[in-house]
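Reading through the structure tokens given below for one structure.
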Amino acid sequence: MRVLIVEDEVSLSNALKKILEQQGYFADAVYDGESAVEYAKTVEYSVIILDVMLPKLDGFEVVRRLRASRINTPILMLTARTTTTDKVAGLNFGADDYMTKPFETEELLARVGAMTRRTGDVIVDEVKFKDLTLNTNSAMLSCGGESVQLSHKEFEVLKTFFYNPTMTVTTDTLISNVWGIESEATDNNVEVYISFIRKKLKYLRSAVSIKKIPRIGYRLEVN
Ligand code: CA
């Protein structure tokens with residue numbers, strides 16, 4: 001499981017990274033709000049640990065932007081502030097849990113653990129984009145009254161687009177999300193699966209298509 005740590009106090013960030021890695025998580029660290037949004041939109045994290053007071057964008061704004069872009073990764077907010085209004089503001093913007101600094105390592109790990117378990121249990125079974133609905137349990141893609149079954153890889157590729165609907169998804173991101181960073185998959189593997197998905201979109205008569213952006217990747221387009 002991969003965790004994103006967004007904390008501008010480098011010593012705290014390093015400590016968090018170490019603790020999480022000891023527990024078997026992969027942890028990426030960023031130190032400002034803009035990078036947090038960028039990372040969370042391109043990599044699929046199990047949990048985001050997010051400080052409130054950050055350079056560039058504060059934690060509340062980060063949550064707001066992610067939720068507006070349909071990034072539903074569970075977010076644990078960290079803050080030195082303790083007032084109820086802040087707590088309510090954070091949760092209203094779509095954060096899932098809240099911890100005030102300073103905190104005990106055990107409590108942090110317990111909450112991260114609970115949140116990752118929660119993602120497994122939560123039945124988020126539909127992701128929508130324009131006229132398309134993707135069922136994340138059955139991997140069925142529907143448009144109007146028609147449905148088609150996606151293969152596992154087609155599903156993983158399309159899901160990456162649905163989670164980044166306004167962005168060009170790079171070929172590297174697709175390879176690392178779908179085939180894994182260690183894999184030997186190439187641009188050709190991606191191209192093949194994109195062509196399978198295009199056929200299914202055509203069959204469904206969807207207004208959505210996948211456009212190739214030369215030398216970068218692919219993007220969803222609405223005709
Ligand atoms: Ca801070």
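Read the figures in this text as sums done on the coordinates, not as results from a lab. Just so you know, these numbers come straight off a predicted model, no measurement behind them. Here the Cβ positions follow ideal geometry from the backbone for every residue, glycine too, while neighbour counts run over all protein chains shown.
On C-alpha positions alone, give me the angle between the axis of helix 10-22 and the longest principal axis of the chain, in degrees, nearest 10.
60 degrees
If you fit an axis through the alpha-carbon atoms of helix 105-121 and take the longest principal axis of the Cα set of the chain, what angle between them do you get, 0 to 90°, nearest 10?
For helix 105-121, the angle is close to 20 degrees.
Kindly provide the pair-distance distribution of region 105-181 built from C-alpha pairs, with 10 Å bins from 0 and whole-percent values in order of increasing distance.
The distribution over region 105-181 is 16, 37, 32, 12, 2, 0, given as percents.
What are the lysines whose alpha-carbon lies under 25 Å from the alpha-carbon of K17, with same-chain residues fewer than 8 places away excluded?
K41, K56, K87, K101
To the nearest 0.05, what FRET efficiency results for Y203 and E34 with a Förster distance of 35 Å applied to their C-beta separation?
The pair Y203/E34 has a calculated efficiency of 0.30.
Out of residues 5 or more away from G217 or on other chains, whose amide H comes under 5 Å of its own, with H placed 1.01 Å from N in the peptide plane?
T171
Provide, for q = 0.12, 0.13 Å⁻¹, the log10 of I(q)/I(0) from a solvent-free Debye sum over equal Cα point scatterers in the chain.
At q = 0.12, 0.13 Å⁻¹ the computed log10 ratios are -0.70, -0.80.
Nearest 0.05, what FRET efficiency do K211 and I19 give at R0 = 45 Å with Cβ-Cβ as r?
0.60
From the backbone phi of region 68-75, what are the Karplus-calculated ³J(HN,Hα) couplings (6.51 cos²θ - 1.76 cosθ + 1.60, θ = phi - 60°) in whole Hz, Gly and Pro given as x?
Whole-Hz 3J(HN,Hα) from phi for region 68-75: 5, 8, 6, 8, 9, 3, x, 10.
Could you tally the net charge around S209, taking each other residue with its Cβ under 9 Å from the Cβ of S209, Lys/Arg +1 and Asp/Glu -1?
Cβ neighbours under 9 Å give a net charge of +2.
Based on the Cα gyration tensor of region 145-196, what are the three equivalent ellipsoid semi-axes, each the root of five times an eigenvalue, rounded to whole Å and given largest first?
Over the Cα atoms of region 145-196, the ellipsoid semi-axes are 19, 14, 10 Å.
Determine, from the Cβ-Cβ distance of D8 and T116 and an R0 of 25 Å, the FRET efficiency 1/(1 + (r/R0)^6), rounded to the nearest 0.05.
Efficiency, rounded to the nearest 0.05: 0.55.
Report, by chain and number, residues whose modeled amide H sits under 5 Å from the one on F129, excluding near sequence neighbours (fewer than 5 apart, same chain).
Here the answer is L134, since their amide H atoms fall under 5 Å of that of F129.
Enumerate the calculated ³J(HN,Hα) couplings along region 184-200 in order (Karplus 6.51 cos²θ - 1.76 cosθ + 1.60, θ = phi - 60°), each rounded to whole Hz, writing x wherever the residue is Gly or Pro.
Using θ = phi - 60°, the values come out as 9, 4, 10, 3, 5, 4, 4, 4, 4, 5, 4, 5, 4, 5, 4, 4, 5 Hz.
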